[in-house]
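*Asks:* First the structure, then my questions, so here it is.
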Amino acid sequence: MKRTSRYLCRLLAPLTAAITISSATVAAEIDQAWDETLKEASGQTVYFNAWGGSDRINGYLSWAAEHLKNDYDVTLEHVKIGDIAEVVSQLEAAKAVGRNDEGNVDLMWVNGENFANMKNNGLTWGAFATTLPNAAKLQDSASLTMDFSVPVDGLESPWGGAQLVFIYDTQATGNPPASAAELLQFVKDGGRFAYPAPPVFHGTTMVKQLLHELTDSKEALSAPVDQADFDAVTAPLWAYLDELHPLLWGKGKSWPASAENTRQMVDDGELDISISFNPNEASAAVRAGQLPESVRTYTFTQGTIGNTHFVTIPFNAKAKAGAMVVANFFLSAEAQARKADPQYWGDPTVLDISTLDAESKALFAAIDLGPWALPIGSGKTLPEPHASWAEALEKAWLTRYGN
């Protein structure tokens, strides 16, 4: 037996050495390719089109811009956007007239139906995300490879995690509703609640959340909407909203402008519960003096919708190398830890912290979420419906309830 093992070792040794040499060669080629990317990126200006409605996010991007300039000689310009769908439409127009280079958008904050539209219409550049050195630190999660049930295929790079959560003031509300049925009873009993009107993102997400809980055809949500009997799948949702809306703040006639608006309304005593798509939102808001220390965060008992948000490079971006450097920096432990800290943003990381070195782990260990954020490990995450459901639900909602 020992003789056979020694023979196998001698037989396999050349093959093992060849594999080792081959792996080393591939690694060296990857390093060389990234070095070339860094050289090309130096001196470039990256126009990053991203939502500009949050002072904390804007401040975080200013910090990132400073580091990118100092460390890589890349200038990051945050182009503040209200709705990224408008940028997608601009790219569609550019594609239609053959403007295939020298575009004015180098990097975009995107996910869901907007990414699906970009992928379907050839508006993304290529599988750049798989070539980023820091991609090796990412979590092994389906939400990083499937964006609203649409395969990512390396066309966008993960940036942060998100989950629908509810924030309430324990001084005003002792036992918050933890299901759609309980929410309806809560407002019947005089509880104050409201959500933004679709197509505002958080409003659409709330509608999807209710649909996921109320429909008897949950399996239909993971496939394109045109493969389902839309009326049959959504009938319980509309019946529920017909009963809910007259009892909400605004009585179905007016709606909060945004999720941030619902948070302010809780602080002002107009609402008992606000919504957010950031499990750490309350922690950041308390530290900023935007909510009282008596608030807490929770999810529905059966879970709430969660997803990953990404950055992508358009097909005609002018500074593609610079955009790759920015996307890779966004995945660094330093950038992810600062983003996860409620003092600066509070956006959950997409990194697998267990794979990081001791110094990087210490950055995350130092983050204090306080008692206001969603407790780590709590709150089951439900999958997003297929991207095509968002637009269909928004149109149907507006037809029924739009003012």
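*Asks:* Residues 131, 170: which one is closer than 20 Å to residue 335 by Cα and surrounded by fewer than 20 Cβ atoms within 10 Å (Cβ to Cβ)?
*Replies:* 131
*Asks:* Residues 367, 376: which one is surrounded by fewer than 21 Cβ atoms within 10 Å (Cβ to Cβ), under 30 Å from residue 269 (Cα atoms), over 19 Å from the mean Cα position of the chain (by Cα) and hydrophobic (A, V, I, L, M, F, W, C)?
*Replies:* Testing whether each residue is surrounded by fewer than 21 Cβ atoms within 10 Å (Cβ to Cβ), under 30 Å from residue 269 (Cα atoms), over 19 Å from the mean Cα position of the chain (by Cα) and hydrophobic (A, V, I, L, M, F, W, C) leaves just 367.
*Asks:* Of the conditions (1) in contact with a Phe, Trp or Tyr (Cβ under 8 Å, 6 or more places away or on another chain); (2) outside the structural domain of residue 320 (by TED's automatic domain parsing), residue 148 satisfies every one except a single condition; which number is it?
*Replies:* Evaluating residue 148 over (1) in contact with a Phe, Trp or Tyr (Cβ under 8 Å, 6 or more places away or on another chain); (2) outside the structural domain of residue 320 (by TED's automatic domain parsing) leaves (2) as the failure.
*Asks:* Next question. For the range 288-314, name all the residues that are of a type in the set (Phe, Trp, Tyr), in contact with a Ser or Thr (Cβ under 7 Å, 6 or more places away or on another chain) and in a strand (DSSP E or B). It would help to see each step written out before you state the result.
*Replies:* Start the filter on the range 288-314 by keeping residues that are of a type in the set (Phe, Trp, Tyr), which leaves 298, 300, 310.
Filter once more, keeping what is in contact with a Ser or Thr (Cβ under 7 Å, 6 or more places away or on another chain): 300, 310.
310 - this is the single residue of the range 288-314 that is of a type in the set (Phe, Trp, Tyr), in contact with a Ser or Thr (Cβ under 7 Å, 6 or more places away or on another chain) and in a strand (DSSP E or B).
*Asks:* Being farther than 17 Å from residue 303 by Cα, of a type in the set (Gly, Ala, Ser) and out of contact with any His (no Cβ under 7 Å at 6 or more places or on another chain) is true for just one of 228, 180, 259. Which residue is that?
*Replies:* Checking each option against the conditions leaves just 228.
*Asks:* Name the residue, out of 357, 352, that is farther than 23 Å from residue 211 by Cβ and touching a strand residue (DSSP E or B) at 6+ places or on another chain (Cβ under 7 Å).
*Replies:* 352
*Asks:* Only one of these is in contact with a helix residue (DSSP H, G or I) (Cβ under 6 Å, 6 or more places away or on another chain) and farther than 17 Å from residue 205 by Cα: 353, 376, 305. Name it.
*Replies:* 353
*Asks:* Could you tell me whether the range 271-287 includes any residue that is aliphatic (A, V, I, L, M), over 23 Å from residue 185 (Cβ atoms) and either in the same structural domain as residue 353 (by TED's automatic domain parsing) or not in a helix (DSSP H, G or I) (or both)?
*Replies:* no
*Asks:* What are the residues in the range 41-63 that are in contact with a strand residue (DSSP E or B) (Cβ under 6 Å, 6 or more places away or on another chain), within 18 Å of residue 329 (Cα to Cα) and in contact (Cβ under 8 Å) with a residue 24 or more places away in the chain, if any?
*Replies:* 45, 46, 47, 48, 49, 50
*Asks:* If you don't mind, there's one more thing I want to ask. Regarding residue 188, is this residue more than 14 Å from residue 393 (Cα to Cα), without any contact (Cβ under 8 Å) to a residue 24 or more places away in the chain and touching a helix residue (DSSP H, G or I) at 6+ places or on another chain (Cβ under 8 Å)?
*Replies:* The answer is no for residue 188.
*Asks:* Any idea which of 256, 236 is assigned to a loop (DSSP other than H, G, I, E, B) and surrounded by 14 or more Cβ atoms within 10 Å (Cβ to Cβ)?
*Replies:* Going through 256, 236 in turn, just one is assigned to a loop (DSSP other than H, G, I, E, B) and surrounded by 14 or more Cβ atoms within 10 Å (Cβ to Cβ): 256.
*Asks:* Tally the residues that are of a type in the set (A, V, I, L, M, F, W, C), surrounded by fewer than 20 Cβ atoms within 10 Å (Cβ to Cβ) and over 26 Å from residue 116 (Cβ atoms), restricting the search to the range 30-89.
*Replies:* Count: 6.
*Asks:* Please list, ordered by first then second residue, the pairs with beta carbon atoms under 9 Å, 6 or more apart or interchain, first in the range 387-403 and within 18 Å of residue 307 (Cα to Cα), second surrounded by fewer than 18 Cβ atoms within 10 Å (Cβ to Cβ) and among the aliphatic types (A, V, I, L, M).
*Replies:* 388/223
The values are calculated or read from the model by the stated rules, or taken from the named source; none is laboratory data. The structure displayed is predicted, hence computed values, not measured ones. Positions of Cβ are backbone-derived with ideal geometry, glycine not excepted, and every protein chain shown enters the neighbour counts.
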